[in-house]
Amino acid sequence: PPQGPRMPNMTEKGKAGKIQLPREMFQSLSSRTVRVVVTVLNIQQLHMFKEVNQTGRVLDNTVVGITVGETSISGLRDPVQLTFAHGQLPPGVTRQCVFWDLSKGTAGGWSISGCVTQPGDKGTVCSCNHLTFFTLLLNPVLDRSTAQALMAVATAGCGVAMAFSIFTIAFCILLRCRFRLEETLRINLGLHVNLGGSLLFLNLAFLLNSGLCNGTQPWTCKVLGGLTHYCLLCCFTWTALEGFHFYLLFVKVLGTYIHHYLAKLCLVGWGFPALIVVVAGAIGSYGEYRIQTVDHQVIARLCWITSKHLLVHYITNCGYFGLIFLFNMAVFGVVTQKSCCLQATGAVQGDRKAWKVALVAAGLFCLLGATWALMFLTYGTSSAPVLYIFTILNSLQGIFIFIWLVVLYYPKTKETTGSLSHIIRHDKTATVSQD
């Protein structure tokens, strides 16, 4: 830094740190005078030591560099000891002593080779057998047992979700055949069939991915990764189309009187994700993705977007779903508010118990893909409980949608051929009469 190095005896928060150099280092230098330089850098201000796709966080954004003379010192029998002082660390992280290894990647990266981590209540001691730039990395917790348990839960949940997705598709097809003259109901059920189909394909792709990725050829893994990505994007797109459809039904008075309406939705729901996957595949985004522990042990391998192209994941998955989530939650608020108003004014007749209303609202919440929003709380696998909740809820999304459809449509088929259709017809009639 322009002001020169500063001694690391005190951090900005008043917590003492310490560096202890071994006697062995100075015995070999007893015949000459050398300069010992200790440099403390704030990497946030200097924009240095940024590893590609780094998930861990540097403690206080502080990196400590140690040099003795102009020679490279390594292979010490007595290690250099650095004490990083800190208070109580946030939950869900593990400490790891690392150094900057210039041989990793194109610009370097953090490595643990030759360093031992000794955690303490008020500080962490890093013992390393060489001199370079060191820091304490706070990594999100993901041990082998947690990862294996999550994989087992996801696999079991996907199997159950596939079965209920088939039930959902069959239930909707039966209702469509029974009420052929109810155009609004047929469009509703057609949308649900496509959403159920996207969930079925997504769960099937995940099971194939987790079962076939080990030992596959590179081109096979690329195809499987692209297929999994396509199924995920289809699922997101159909939740957006469900929200768009509800917007037309409950907000737009004209409803869904559009020529070849369902066919156009299918073109978007299945065609737009294919376009994204083709573009991502053209730049080589798919391949083997490794799930690793904090000590870089490989837990599982998946055919997915590779670590070198995580920007594709952030844009096409996180960013794309973020926009869909905001729109669908706005639609959910409008639909819920209008339904409550119709209930309060007595527009909807019939036995509407409170638990049924709550269940319908919760099912609509899942139908619009709200359970996927937990992905924004699992960045870097920072919380094991959130990971479990995210895995369980999304693997069982097919069950929630099936229960929602049965509660919403079946009790009313004999009377009004679906409570949604009844509410929509009444709402349109009331609006036209007011006009």
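The values are calculated or read from the model by the stated rules, or taken from the named source; none is laboratory data. Owing to the predicted nature of the structure, the values given are computational and were not obtained by experimental measurement. FYI the Cβ positions are ideal-geometry reconstructions off the backbone, even for glycines, and counts take in every protein chain you see. SASA here: full protein model, heavy atoms, side chains in, ligands and nucleic acids out. Shrake-Rupley method; radii C 1.70, N 1.55, O 1.52, S 1.80 Å.
Which one of Thr184, Thr155 is assigned by the TED database to the domain that holds Ala274 and within 31 Å of the chain's Cα centre (by Cα)?
On inspection, the qualifying residue turns out to be Thr155.
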The condition from (1) at pLDDT 95 or above; (2) crowded, with 18+ Cβ neighbours inside 10 Å; (3) over 22 Å from Phe325 (Cβ atoms) that Tyr230 misses is numbered (3)
Consider Val386 carefully, then state whether it is under 26 Å from the mean Cα position of the chain (by Cα), at pLDDT below 80 and outside any loop (DSSP other than H, G, I, E, B).
yes
Taking region 18-33 and the residues there that are in a loop (DSSP other than H, G, I, E, B) and over 51 Å from the mean Cα position of the chain (by Cα), the one that is modelled with the lowest pLDDT would be Ser30
Restricting the search to region 250-270, which residues are open to solvent by less than 30 Å² (accessible area, probe 1.4 Å) and modelled with pLDDT of 80 or more?
Tyr261, Leu265, Gly269
If you check every pair at least six apart or on different chains, which have Cβ atoms under 6 Å apart with a residue in region 199-228 that is within 23 Å of Leu396 (Cα to Cα) first and a residue that is of a type in the set (Phe, Trp, Tyr) and open to solvent by 20 Å² or more (accessible area, probe 1.4 Å) second?
Gly225/Trp304
Has region 76-84 got at least one residue that is out of contact with any helix residue (DSSP H, G or I) (no Cβ under 7 Å at 6 or more places or on another chain), assigned by the TED database to the domain that holds Thr33 and assigned to a loop (DSSP other than H, G, I, E, B)?
yes
